[in-house]
Amino acid sequence: MNIAIIYEDDQILIVDKPTNLLIHPASRLKQKDLLSAIGHHEYGVVTRLDYQTQGLVLLGKTKNSLSLLSILQRHNKIKKYYQAIVSGYFPEAEGTYRCYLLKDEESALVRTASEKIKGSRETITKYRVIEENQELSLVEIELVTGRFHQIRAVMAHFNHPLLGDPLYGNKSLNRRYNLNHQALVSMRLEFSDIEREHPLAYLEGKVFEKGDFPFLNIMKKR
């Protein structure tokens with residue numbers, strides 16, 4: 001399997017993960033995974049994507065670079081932008097969604113809540129509408145926090161489920177568009193506010209992009 005390399009140096013690797021590909025090998029599943037595809041199981045994954053989500057993945061090539069990147073991410077110095085097709089119309093062209101997520105370990109799903117409940121974690125998700133038609137909207141989404149299934153669960157919580165999402169989506173809409181995986185793509189990574197003396201300061205201000213959003217044709221069907 002050929003994995004497109006977006007950027008590589010001695011410290012980091014950014015690749016374009018296809019849909020239907022695990023990040024890590026799973027011993028119980030005989031499925032292909034990203035680390036095996038690139039031939040480097042020792043690399044550490046900084047920005048994770050779900051099995052069905054495609055787009056940019058950032059990896060640290062050494063233990064030190066992985067640690068440095070993880071700290072940058074924790075302090076929101078690595079900005080992650082996605083594009084998605086979601087159900088519904090947005091009265092505001094841009095905004096911020098805040099809610100709480102609680103992961104159910106048995107079902108591997110998350111529950112959402114408007115108020116904090118025991119064990120839940122706050123999420124912050126920014127959105128900007130790019131294009132819309134009578135029933136769908138193409139939006140850019142910035143993850144301020146990075147929780148499990150955050151985009152999928154949060155957008156569904158606010159009545160804008162991702163098109164094609166088999167877990168949190170609108171099943172009748174998914175069938176109508178014949179889409180069985182979420183129309184969600186990690187499109188852009190930006191490095192910002194990195195201190196000058198930081199070992200990865202050379203990344204300051206750099207922007208890495210995937211290219212064209214692969215689901216654009218869906219927006220033209222209506």
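Among the hydroxyl-bearing types (Ser, Thr, Tyr) and over 23 Å from PRO18 (Cα atoms) - does that describe any residue in region 175-191? I'd like the intermediate steps shown before the answer.
Within region 175-191, the first condition is being among the hydroxyl-bearing types (Ser, Thr, Tyr), and the residues that meet it are 177, 186.
Keeping just the survivors that are over 23 Å from PRO18 (Cα atoms) gives none.
Looking for residues that are among the hydroxyl-bearing types (Ser, Thr, Tyr) and over 23 Å from PRO18 (Cα atoms), one finds none in region 175-191, hence no.
Return yes when SER186 is among the small types (Gly, Ala, Ser), surrounded by fewer than 18 Cβ atoms within 10 Å (Cβ to Cβ), out of contact with any helix residue (DSSP H, G or I) (no Cβ under 7 Å at 6 or more places or on another chain) and in contact (Cβ under 8 Å) with a residue 60 or more places away in the chain and no when it is not. Don't jump to the end; show me each part of the working.
Values: among the small types (Gly, Ala, Ser): yes; surrounded by fewer than 18 Cβ atoms within 10 Å (Cβ to Cβ): no; out of contact with any helix residue (DSSP H, G or I) (no Cβ under 7 Å at 6 or more places or on another chain): yes; in contact (Cβ under 8 Å) with a residue 60 or more places away in the chain: yes.
Here the answer is no, as SER186 does not meet what is asked.
Any residue at all in region 208-220 that's of a type outside the set (Val, Ile, Thr), out of contact with any Lys or Arg (no Cβ under 7 Å at 6 or more places or on another chain), at positive phi and modelled with pLDDT under 95?
Yes, the conditions are met somewhere in region 208-220.
Would you pick out the residues in region 145-164 that are assigned to a loop (DSSP other than H, G, I, E, B) and either of a type outside the set (A, V, I, L, M) or modelled with pLDDT under 95 (or both)?
First pass over region 145-164, keeping only residues assigned to a loop (DSSP other than H, G, I, E, B): 145-149, 158-161, 163-164.
The answer is THR145, GLY146, ARG147, PHE148, HIS149, PHE158, ASN159, HIS160, PRO161, GLY164.
Considering only region 50-63, I want to know if a residue exists there that is of a type in the set (Gly, Ala, Ser) and more than 21 Å from GLU209 (Cβ to Cβ).
Initially, region 50-63 is screened for residues of a type in the set (Gly, Ala, Ser), giving 55, 60.
If we keep only those that are more than 21 Å from GLU209 (Cβ to Cβ) as well, we get none.
No, there is no match, as no residue in region 50-63 is of a type in the set (Gly, Ala, Ser) and more than 21 Å from GLU209 (Cβ to Cβ).
Restricting attention to region 167-183, which residues are surrounded by fewer than 19 Cβ atoms within 10 Å (Cβ to Cβ) and free of Cβ contacts under 8 Å to residues at least 24 places away in the same chain?
Within region 167-183, LYS171, SER172, ARG175, ARG176, ASN178, ASN180 meet the criteria.
Consider TYR81 against the criteria (1) touching an Asp or Glu at 6+ places or on another chain (Cβ under 8 Å); (2) modelled with pLDDT of 95 or more; (3) farther than 19 Å from VAL207 by Cβ; (4) crowded, with 17+ Cβ neighbours inside 10 Å: it satisfies all of them except one. Which criterion is unmet?
Only one criterion in (1) touching an Asp or Glu at 6+ places or on another chain (Cβ under 8 Å); (2) modelled with pLDDT of 95 or more; (3) farther than 19 Å from VAL207 by Cβ; (4) crowded, with 17+ Cβ neighbours inside 10 Å is unmet by TYR81, namely (3).
Out of LEU35, LEU69, LEU56, which single residue is surrounded by 13 or more Cβ atoms within 10 Å (Cβ to Cβ), within 17 Å of the chain's Cα centre (by Cα), outside any strand (DSSP E or B) and hydrophobic (A, V, I, L, M, F, W, C)?
Values: LEU35 fails: within 17 Å of the chain's Cα centre (by Cα); LEU56 fails: outside any strand (DSSP E or B).
The conditions single out LEU69.
What single numbered condition from (1) modelled with pLDDT of 95 or more; (2) closer than 22 Å to GLN182 by Cβ fails to hold for ALA93?
Failing condition for ALA93: (2).
Can you name the residue in region 7-23 that is over 16 Å from the mean Cα position of the chain (by Cα) and of a type outside the set (Ser, Thr, Tyr) and is also surrounded by the fewest Cβ atoms within 10 Å (Cβ to Cβ) among such residues?
Applying the first criterion (over 16 Å from the mean Cα position of the chain (by Cα)) to region 7-23 yields 7-13.
This time we only want the ones that are of a type outside the set (Ser, Thr, Tyr), so: 8-13.
Details: GLU8: 12, ASP9: 12, ASP10: 7, GLN11: 18, ILE12: 22, LEU13: 20.
Only one residue tops the list, namely ASP10.
Given the residues ARG74, ARG121, which is the only one that is under 15 Å from ALA153 (Cα atoms), exposed (fewer than 15 other Cβ atoms within 10 Å of the Cβ) and either free of Cβ contacts under 8 Å to residues at least 24 places away in the same chain or in contact with a strand residue (DSSP E or B) (Cβ under 9 Å, 6 or more places away or on another chain) (or both)? Spell out how you get there, then give the answer.
On the way: ARG74 fails: under 15 Å from ALA153 (Cα atoms).
Testing whether each residue is under 15 Å from ALA153 (Cα atoms), exposed (fewer than 15 other Cβ atoms within 10 Å of the Cβ) and either free of Cβ contacts under 8 Å to residues at least 24 places away in the same chain or in contact with a strand residue (DSSP E or B) (Cβ under 9 Å, 6 or more places away or on another chain) (or both) leaves just ARG121.
Looking only at region 124-153, count every residue that is of a type in the set (S, T, N, Q) and without any contact (Cβ under 8 Å) to a residue 60 or more places away in the chain and tell me the total. Full working, then the answer.
Just the residues of region 124-153 that are of a type in the set (S, T, N, Q), to begin with: 125, 133-134, 137, 145, 150.
Add one more test, that the residue is without any contact (Cβ under 8 Å) to a residue 60 or more places away in the chain, and what stays is 125, 137, 145, 150.
Residues meeting the conditions: 4.
Conditions: (1) over 25 Å from GLU209 (Cα atoms); (2) more than 16 Å from the chain's Cα centre (by Cα); (3) touching a residue at least 12 places away in the same chain (Cβ under 8 Å); (4) not in a strand (DSSP E or B). SER107 meets all but one. Number of the miss?
For SER107, the failing item is (3).
How about region 189-208: which of its residues are under 20 Å from the mean Cα position of the chain (by Cα) and either touching a residue at least 60 places away in the same chain (Cβ under 8 Å) or in a loop (DSSP other than H, G, I, E, B) (or both)? Outline the logic, then answer.
From region 189-208, those under 20 Å from the mean Cα position of the chain (by Cα) are 189-192, 206-208; that's our starting set.
LEU189, GLU190, PHE191, SER192, LYS206, PHE208, listed by residue number.
The values are calculated or read from the model by the stated rules, or taken from the named source; none is laboratory data. Note that the structure is predicted; figures quoted are calculated from it, not measured. Every residue, glycine as well, gets a Cβ built from its backbone with ideal geometry; the counts of neighbours run over all protein chains shown.
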